[in-house]
Structure formats: C-alpha cells, structure tokens
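One structure is given here, and the rest of the page talks about it.
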Amino acid sequence: MALLQISEPGQSTAPHQHRLAAGIDLGTTNSLIATVRSGIAETLPDLDKQHLLPSIVHYSHTAPPIVGYVAKKRANQDPLNTIASVKRFMGRGIADIKTTGSRLPYHFIEQAQGMPLIHTVAGDKSPVQVSADILSVLKQRAEMALQGDLIGVVITVPAYFDDAQRQATKDAATIAGLKVLRLLNEPTAAAVAYGLDKEARGIYAIYDLGGGTFDISILRLQRGVFEVMATAGDSALGGDDIDQAIAQWLMQQANIADDATHHHIRELLDIARTAKETLTTEAEITLKIPLDTGNCVNITLTTNQLNELIDPLIQKTLLACRRALRDARITPEQINEVVMVGGSTRMPRVREKIGEFFHCQPHVDIDPDKVVAIGAAIQADILVGNKPDDDLLLLDVIPLSLGIETMGGLVEKIIQRNTTIPVSKAQDFTTFKDGQTAMAVHVLQGERELVTHCRSLARFELRGIPPMVAGAARIRVTFQVDADGLLGVSAQEEISGVHSEITVKPSYGLSDNQIEQMLKDSLSHAHEDVAIRTLREQQVEADRVINALRAALKTDGKVLLKQHEFVAISEALDGLLQVKGGQDAQAIKQAIEELDKVTQEFAARRMDASIRRAMKGQKVENFMENN
C-alpha cells in the first residue's frame, strides 16, 4: 500500500510545482544530504537508516568504487587504496599538503600544475574525482528517496576555502552530474538552520570545528537577513589534527618509530579517534597499542592528558576568533550567543574554552553533524522557487582580499576581505613606459603586500593599447565575485575600448579537458549505472514482499490456506528467493508479479477474516450508527 504524504496548509506546493532540490554538506569526515519536505528540512538516510556517509572511498582492480561505511572498514587492511579526508587535498598543491604535517598513508603523484594525484590500483585519482564519487552516492540516495531527478543542489564549503578550493568543489559536482545552485559557506548554512528555528536576532558567532576545517563567522541576524560581518579560520585544522596529536603521543609512549608502516599509522589513527570519542564522556581510557613485533602494550590516556594535547590546537582556533572579532569591530561581550557546529565541538574541552573566550555558554542543542546540511537544504528549496514569498537573504563575504600585481612586485587590493558578495569593484591603472601597447594582469589573493607572499590565481594580457606616453592611458580593471565566491576579472583601455577578460579557474582546479573526459566517462557508463540502480530497487522491493508474506503465513497460513495453496505460494516464494540475489532485475520483477498472483486469494481471505473479527459480538446497527 502506498503512503500518502500530507502537510500543513500553506506548506506544500502542488506536485507539478514542487521542484526537487537538496543541500549537501561535503564534509572531511562525514557527508550528508538534506531536503525540504512538507515544509520541514531533514537529512536523508540510506537504506540502512544511516544519515551520515563517511567521506571515504575504496578503490579496487575490478569493482566500482565503494563509498561510506564499507569503505571505512577496509581502511586498515588496504590504506593505500582507501582515501579518507580528501577534502583537505581539494584545491591544494603538493607543497600545501606537506605543510599540514599530517602523516598520510597515500602515494601522491606530483603534477607540474594543480593538485597531486593519488595512486590507487584503479588508477591515479584526483581529489576532485574522489569527491565526485562521494557526491554521486549522495545524489543517488536523494533521487531514490524523492523518486525524481534533482534540479539543483546547494553545496556547503568552509568559509575560508579560497578560490581554488571552491572551484575544485564545483568541478566535483559537475562530474557527479549535479547542478550547483550555489556554494554556501558552512557557518552561514548553520545560521540559516539555527536562525529560522529560533527566530534569532542580534550578533552571533558560528564556531565550526569539523573533521578537517575550522571556521569562525560573526553574523548579524535580523528578521530573515543573515549578514556575515567577518569570517576567519583555517582550512587545514580540525578533528583529523586532534587524532594526529593523540596518535603521535601514543607512538612516543610505545616507542614506535616515525617510519611506521601505512597499516600501522592507519590503525593508530583509528585508536586515537576511539580514545577521543570515549573521553567525551569518560575520565580515562586504557588503549591496546599494537607494536611492530606483533605484541601489544597497554597505555592509559586521561582527560587531563588529552586536554594538554589538544589545547594548542584549540588555541589556534581562538586566534582566528580574535581576528574575526577585530575585523567585525566588536568585542566578545557584544556576542549574543555562540553556535557550535561540527563533530569536534562535542569535545568538552572545546566547549569549555569557547565558553571562557566569549564569556557565555555555547549553544549546543542542535545536532552539530546535521545542522549545516539542513541549512543548505533550506537555501536550495528557496533557490529553485519552492518558496517564492520567502524573504530569506544571505549576505556572505569573501574570505581573502583580491588584487593585482603592480610594479615592484606589490599587490594592489581591489576587493578587501570580508567584503559582502556578490560584488563588483573597479580601479583605474595606467601604463609604465612610453609607447606601451600591452599590459599583463596578474590576479592575486591574500593579505600581504608582496606578490611573493600572496597566492597567484590567474594571469592574462590586455593587448592593443594605443601607444602613448607613460601615464596617459587609462585602464580600468574590474573584479566581479559571484554568490559562490568565484571571480571574474576584466580589463579595458578607456580611450580605445580594447578589452580583455578572464574567468578565474585556478590551476588547482581540473582543466576543461579533464572535466570533459570525466563527463564522457560518466556518459559511457550511463546505461550500466541505470541498470545497477534498477536492480537495487527491485531487490529492495523483493525483500519487502518476502518479509510481509512470511509474517502473513506465520499468522494465518495454517488457518486460511489449503495444502495445495500453501505449496503453490511456497514454490513462488522460493522462486523469488532464488533470483533475488542475482543480477537480472527483470527476473526479480517477474518473480514478484508471480508471487503476487498466487497470493491474491490469500490476501482477500485475510481481509475478510479481519473484518469478521472486528464485527464479532457487534450488531449491524452499531456500525450503521457509527457511520
């Protein structure tokens, strides 16, 4: 029997008007997907009722990639081919990754430009491709739950993600077949969910400490308007670093050498993560640490020792908090409340230190794992037009200043960090030499004054400038940042009108050719993907039918069925059981239909028997009066 979904008046659109959209929290440790149904934003579980999807992908020689909990179980046995925390590699070069100090059990292949590849038995994988495999699973989960194709998604990113990291995230979504409505800063997404639920007003701090990234955002919330006053953070700081600190301490206590094997490192990280989670509620834990000799040693870790290990990392987050408050020109006392986001904020020490810093108890009654995805779902629902009368307005900011190189290797900032986006700003420049007919435009991102201390985003040239004396030409350079935080730059000589422009796609993003090839690959496997999905749907339906029939036979089979009828049903049931585990979706469908035919009379008798039981001892007049 089909279920009928109902909703409160005014909360539902007509079926033909409702557009399917979702919000995705593409996390370092776990990812989620959420949507708005009947006016309520909710995360979507998989078939096993699990809402969180571990952001882990396992690659093998022959089988398709495995994502989630099954991949997580294979991390210790096959660490080189099981990729975790890939978000930390997005938009980063090999030098960036090495500076994180993390002990990573992977074989990186350095490229002349862009992100390094990760060598696996299934081939060399870009971090973008690994992220796309995670997004593909979330997409399939949503479309199965919603029974339709997604029109678009809002994907959250750390507020401190730079242009390269944001572009890499959009590339991953494109490969996964998703249309990105908007990239939304994670703290802002949390504020959307929190603010709508609590009808908050005032100035709030969103403290977001996840598995691999940290963000602090200062927001002013007023009647549906979410204005980001300032943001700061670290895109390479999070729960993974806490695990690393604990694992390093355990290695020292157990005299394990720094050149431990990949398997040993991964095992120690798992032990460290377990210790961290246990000490959230316990005072101490005794850990069994495996040694290279095959023996084990027991080491006790107390809450006080854990606090000593993680205090330096918490202090790094507090430095970012001070910077954000300074940029917003406010003091901690002016913060109405602190909202905690991210799984790492479950640690008592984190909550204690944040409470001391902001002089208030942090707000912790929202599930820190789900709140970002829920906020993204609310925004996605608005962007596809399901709430045309909604007045929710998001005013995000860019995390780092944008400018161009000028003579002497200096950086002229055109858009200052913490400027509200979308934004467009222009500035006039001129030529340096007599007769100069071209100008090189070097686009940079950062807060320092020298080019060598900032990050290069792109270069292009403006040619065809009329030869004039130095300083006579007037060249207007315009920067435009869209709602996703992505940049476009143009330059125009005002007298002649010559024009040049570029959409900044950083070197760390995939090239158009690489994206095109991956899209071709996805299209070439489209039929195979559809077949796999169809098979899984039929297997799920078969399980439902089998379980329901077994329950009915146990209750009424002996009473309502003759021997030959019971045999016929049993044979049809055996037929379905035989094909259910196979690869032929059509055979499963036919077996379900055959079983339905032979059980129709049994179902009718059960209905009649149920009615008779309900009427037993009653008079017909009673039923007529009730009607």
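The values are calculated or read from the model by the stated rules, or taken from the named source; none is laboratory data. Remember, it's a predicted structure, so these values are computed and weren't measured experimentally. As a convention, Cβ positions derive from the backbone with ideal geometry for all residues, glycine included, and neighbour counts pool all protein chains shown. For the accessible areas, the whole protein counts, side chains as well, though only heavy atoms, and no ligand, DNA or RNA atoms are used. Shrake-Rupley method; radii C 1.70, N 1.55, O 1.52, S 1.80 Å.
Counting alpha carbon pairs within less than 8 Å and at least 6 residues apart, what relative contact order, in whole percent, applies to the chain?
Working: 1177 pairs, mean separation 79.8, N = 627.
The normalised contact order for the chain reaches 13 percent.
Highest mean packing first, where packing is the average number of other Cβ atoms within 10 Å per residue, the peptides 603-611, 292-300 line up as 603-611, 292-300. Provide the percentage of antiparallel DSSP beta bridges, counting only those with both residues in segment 245-397; round to the nearest 5. The answer is about 90 percent antiparallel.
Given only helices, namely DSSP H runs of n ≥ 4 each adding -39500 (n - 2.57), what is the per-residue ellipticity at 222 nm of the chain, to the nearest 500 deg cm²/dmol? Display every interim value, and only then the final one.
On the way: 15 runs with 235 residues, N = 627.
Mean residue ellipticity at 222 nm (helix-derived): -12500 deg cm²/dmol.
The length gained on full extension between residue 550 and residue 119, counted as 0.36 nm times the residue separation minus their Cα-Cα distance, comes to 150.3 nm. The long axis of helix 585-615 is offset from the longest Cα principal axis of the chain by roughly 60 degrees. Legend: translational diffusion of the chain by Stokes-Einstein, Rh = Kirkwood radius over C-alpha pairs, 37 °C, 0.692 mPa s; D = 118 µm²/s.
Shown are 125, 616, whose ranking by accessible area with a 1.4 Å probe and every protein chain present, most to least, is 616, 125. Between residue 296 and residue 605, the modelled labels are 5.7 nm apart [label points 7 Å from Cα along Cα→Cβ]. Accessible area of residue 58 (1.4 Å probe, protein heavy atoms only, ligands and nucleic acids ignored): about 10 Å².
How much length is gained on full extension from residue 476 to residue 463, taking 0.36 nm per residue of separation minus their Cα-Cα distance? The partial results should precede the final answer.
Values: separation 13, 0.36 × 13 = 4.68 nm, distance 1.35 nm.
The residue 476-residue 463 span can extend by a further 3.3 nm.
Of the beta bridges DSSP finds with both residues in the chain, what % are antiparallel, to the nearest 5? Let's see the in-between values first.
Working: 80 of 99 bridges.
Counting DSSP beta bridges with both partners in the chain, the antiparallel share is about 80 percent.
Expressed per residue, the C-alpha convex hull volume of segment 266-370 stands at 123 Å³. The modelled label-to-label distance between residue 73 and residue 535, using points 7 Å beyond Cα along the C-beta direction, is 1.9 nm. Taking the Cα centre of segment 89-179 as origin and assigning +1 to Lys and Arg Cβ atoms and -1 to Asp and Glu Cβ atoms, the resulting dipole is close to 160 debye.
In Å, the Kirkwood hydrodynamic radius of segment 204-331 over pairs of distinct alpha carbons?
Working: mean 1/r = 0.0604 Å⁻¹.
Computed over Cα pairs of segment 204-331, the Kirkwood hydrodynamic radius comes out at 16.6 Å.
Please compute the length gained on full extension between residue 406 and residue 63, using 0.36 nm multiplied by the number of residues separating them and subtracting their Cα-Cα distance. Please report the intermediate quantities before stating the final value.
Values: separation 343, 0.36 × 343 = 123.48 nm, distance 5.25 nm.
Gain on stretching residue 406 to residue 63: 118.2 nm.
Using the Cβ-Cβ distance between residue 614 and residue 566 with R0 set to 35 Å, the FRET efficiency from 1/(1 + (r/R0)^6) comes to roughly 0.85. Annotation: the antiparallel percentage among DSSP beta bridges lying fully within segment 86-186 is about 50.
The calculated FRET efficiency for the pair residue 426 and residue 336, based on their C-beta separation and a Förster distance of 22 Å, comes to about 0.05. Greater than 21 Å separation of Cα atoms is the criterion. Which listed pairs, 276/316; 87/170; 139/589; 125/170; 554/597, meet it? Those over the limit are 139/589.
With respect to the chain, whose longest principal axis is taken over its alpha-carbon atoms, helix 348-358 is tilted by about 50°.
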